[in-house]
Each structure stands twice: as structure tokens, then as C-alpha cells.
Amino acid sequence: FQLGSRSMFQAVSSLIFGNEPSKMDIEVEKVLAAFIDVQDDIERSNKIKDRANEFFKDQHYDMAIELYTAAIDSAPSAVLFGNRSMAYLKKELYGSALNDADNALAIDNNYIKGYYRRATANMALGRFKKALKDYEIAKKHSPNDKDALAKYTECSKIVKRINFEKAIAGDDKKKSVVESININDMEVESSYDGPHLEEAITRDFIDKMIEHFKAQKKIHRKYAFKILIEIRKWFMAQPTLVDISVPDDNKFTICGDVHGQFYDLCNIFDLNGAPSEKNPYLFNGDFVDRGSFSVETIFTMFAYKLLLPNHFFMSRGNHESDVMNKMYGFEGEVKNKYSTQMCELFTELFNYLPLCHLINQKVFVCHGGLFKQEGVTLEDIRKTERVRQPPDEGIMCDLLWSDPYSLNGRAPSKRGVGCQFGPDVSEKWCKDNGIDYVVRSHEVKVEGYEEHHNGRVYTVFSAPNYCDQMGNKGAFITIKGNNLTPRFTSFSEVPHPTVPPMAYASSLFGFM
């Protein structure tokens, strides 16, 4: 690694493309400049690694990744690839994490953390059999390690369960969890001090429910199940691509990931007004996981959807899936606050969520992004079968997982699924389908939003200070029916009770 070559590249890039070095680039240069006089490659690599470890400890993962990369360029080692793999895992870039774990193990096949990293990435991608092989190797290398044994045992149970379910699967349609639920048999105890849901959802019920949640209390399981059963009926009847019509003078708001940050969700409604027929909303996926108030978040959203079925919209995100919910806390939270039976109902219900929305035939909204395959049309999307767990390939996968990037063409995704798509892809797809621009979410942004591809793509992310550590702002987009130009509002986080993010996540998915 040569500091001069990096600076030269940035200077040439700035001249050719007009790119200014980012704040992170400047910070990286400052760190590397401190070691420019160190002649020994290994010594320089170790010094850069030590600084990268400090940034990682402070949860500045992008900086850590840049510095680990510099250290690897100077003198690659299994530890460096393993450390960068860990940083990629923290960023949910599972494809890059897998590559680095492979590189670490290619250098040293006795590097145990490499097997853990690779197993964790494969778990996140739902590749349980591959993960099990790595956990088995880790267990054999460290037979007295309780954590290695626990992870191997738990992953083995998952694989056995999946194999069993496949073995007993027949031609008969699987019964719904709803068939095992009898709301009439659920007694509301006299000690319950929350809101009562007698018939249909009312605004008064929602207001009281939100206040009940803010007091860190639950609504009764009878009412919780009633909401879930009713919302399931509604989403079952929805198409994969939902058309939305916004009248000329009406405002319409689009929000991105909320990730269980209930108090920040309430703040959006404080800043922008509560949902109503005159103040409609679209939430663009990843309602749950990570944040430890996902139950409160999802019930608030579902209640508004039942109250305002044609003025409150919800797109599925990649975290509305069984694998993600097991990893990032939603399943554990539902079990803790309610029951395993409710977890199963959520898993079933999430399968019915629409994948995307089309506003006034001109603004396309999906969680992830555009497609690996050339020539995908709106009609192709409408015909896509969505009632399932997200697959590893195809239209549904790309809608949930893909990301824009700055180069033309397409590239493999750093996440391990979906793809990265460039400005030429966005331009052609929008023109071919008569779309003005695409709104997507799926990525943390410093200001809560970002413009890509000359205004053909926008990212909006609505979870400020994501996971209580990223320091980002949240944002939402507002448009008018007769003026679809997006307007962005950024906002900061608000206080919440001292429950840390990922409080209910499974220990199986802890990083080693």
C-alpha cells in the first residue's frame, strides 16, 4: 500500500470526475499519514490495524473497513481479513463478509474466528447447512468452548427442523396459524388497564394504545391477536404492486426503515402530523428488528392500516422475514412480550405484505432497488408471486435487497443477495416503464436521505441514530399530487427507555 498512490488516485479522480474527497477519505488520509515513514510493511500494517480496531470499538465501521483495507494492502493476514469481515457483518454486508472470511481461512485454515464469521454471514443469508459445517469445525477445534457448542447445537436444530418440515410437506395446503387461535376464549382480566378493542379500530383506541406503549405496557393479547387476524385478511387481498392515487393538492409522505424505534416513529407523527385521510403515509419496509420496541411499532402501524386502509400503506422489507426476525430480535421480542404462536402468525402475515407501490403512475417505491435481469417491467412485477419467504434470486429478491451504486452497469451485491445497479440501469428502467424516479430505503444515510443517479433514485431512511450508535439523522419525503418533486425533512432521535437495541436477539447470532 502506498499513501502516494491513494492520494494520486483521489487527485486524478477529482480532476476527471469533479469528485471531492469525503470527510471519511480525509480522516483515513490523516491516519495513514502518521505511518508514512514506517518502512516495514508488517509493522505499518499492524499500526494501521490498531487504529482500525479503535474505530471499530467506537462503532465507526466505515472508517474501520477503510483502514483494515489499507492494512491488508500493506501486509495481508488472516486476522486482518477476519477483522474486516466482522466490520462488514456489523454493516449487514454479508457477501463481503463471506469473501473476507474465505480469504482469512485461505491464509490460515486454523483461524477459528474465520469459521465463526463465515457461519454468521451464512446464517444471515438463510444458508443454514453451510453455517452448520463451519460451526462443526469450530466445535472440533475448540471442544471445551461452550459458545461454540451452543451455536453448533442451535444451528443443528434449525437444519433438522427444516429437513423435517420438507419431509412432511405434502400437496395439502399448509394450515394457517389463525385456525389454531380462538379470540373468544381469551379472557381480558380485570387487572388490565389498557385500551379495549370492542369492534373496529378507532382513532381513540390508537391514541390510547400509543400512550399505553409509551408507558412501556402491552395491549392485551386478545386485542393484539384481533389486530393481526384482521390485518392478515386485508393484506391477503392486496396485489404485489399497489397503485396509489394522490389528488392534485394533497400531500403524501414516504418513510423508510423504522426498525423498531417506536419513539422515533411517534416523533415522525408529531413533526408531520398523525396519519389521516388528508395526511396519508407509505412506510417502505423494515418496520421491525434491531430496535427493541418492534412490537409497539408494528402494532401502531397495523392499527393505522386498519383505520385508514386506503391512506396508510406498507411495503415489505428484507427484515420482514423469518431468518432476519430470528437473528435481529423481533422473534425474541414477540416471544418475550406475547408467545411463540404470535411469532408464527407474524411470519405468515409478513408473507402477504405488498412488495412495492406506484404513486400516480410516476413514482415507484420499493424497499431495496432494481433488478439483475434486464427488461423487467411493471407487469412482470405485478405477476410476481410474493406469498413466501424471500428467495435468493429473482424479482422479489432484488426488490428487497438491491442497492444503487455510482458506476454504470450491474455488480454483485456486497450483501450477498440482490445486486448493485448503476445510473445507466436506473435511467433505462425509468424510461422504459414511464417512471419519473424510484424511492427506496434499506441503507443508513447521514442526513436520512440521499439522491442517486441524477435524481432517478432516492434513498430515505427513517431510523435516526440507528441502533443507538450510528449518529445519523432520520428523514421522510413529502410530495404533492400535482408536484411529485420530492421534499426531504431530516430529524434527530428522541429519548427512549433504557432498553438497548438487539435486547431480544438470539445468542446464536452473536458475533465472535
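Checking the Cα-Cα distances for 130/157; 57/90; 160/414 against a 18 Å cut-off, the pairs over it are 160/414. Among 355-367, 184-196, sorting by the average number of other beta carbon atoms lying within 10 angstrom of each residue, highest first, gives 355-367, 184-196. Helix 262-272 and the longest principal axis of the Cα set of the chain meet at an angle near 70°.
When each of the peptides 72-80, 144-152, 94-102, 23-31 is scored by the mean number of other C-beta atoms lying within 10 Å of its residues, the order from highest to lowest reads 94-102, 72-80, 144-152, 23-31.
Computed about its Cα centre, the charge dipole of the chain is approximately 1020 debye, with only Lys, Arg, Asp and Glu carrying charge at their Cβ. Rounded to the nearest 10 degrees, the inclination of helix 221-236 to the longest alpha-carbon principal axis of the chain is 80 degrees.
At a Cβ-Cβ separation cutoff of 4.7 angstrom, cysteine residues of the chain with no neighbouring cysteine are 155, 255, 266, 343, 397, 419, 430, 467. Largest accessible area first, the listed residues 485, 498, 202 line up as 498, 485, 202 when surface is computed with a 1.4 Å probe on the assembled protein chains. Between the Cα long axis of helix 423-433 and the first principal axis of the chain there is an angle of about 30°, rounded to the nearest 10. Here's the picture: charge each Lys and Arg Cβ at +1 and each Asp and Glu Cβ at -1 in the chain, and of 260, 338, 71 the one pushed furthest to the positive end of that dipole is 338.
Simple rule: put +1 on each Lys or Arg Cβ and -1 on each Asp or Glu Cβ in the chain, find the dipole, and look at 430, 482, 126; the Cα lying farthest toward the positive end is 126. When the solvent-accessible area of the chain is split by element, carbon and sulfur atoms take up 49 percent of it, the probe being 1.4 Å. When each of the peptides 487-496, 293-302, 341-350 is scored by the mean number of other C-beta atoms lying within 10 Å of its residues, the order from highest to lowest reads 293-302, 341-350, 487-496. The residues of the chain present an accessible area of 45 Å² per residue when probed at 1.4 Å with all protein chains retained. The residue among 186, 158, 244 whose Cα reaches farthest toward the positive pole of the charge dipole of the chain, with charges on the beta-carbon of Lys, Arg, Asp and Glu, is 158.
The values are calculated or read from the model by the stated rules, or taken from the named source; none is laboratory data. Since we're looking at a predicted model, the values are computed, not measured. Note that we place each Cβ from the backbone using ideal geometry, even for glycine, and neighbour counts take in every protein chain shown. Surface accessibility is based on the protein's heavy atoms, side chains included, excluding ligands, DNA and RNA. Shrake-Rupley method; radii C 1.70, N 1.55, O 1.52, S 1.80 Å.
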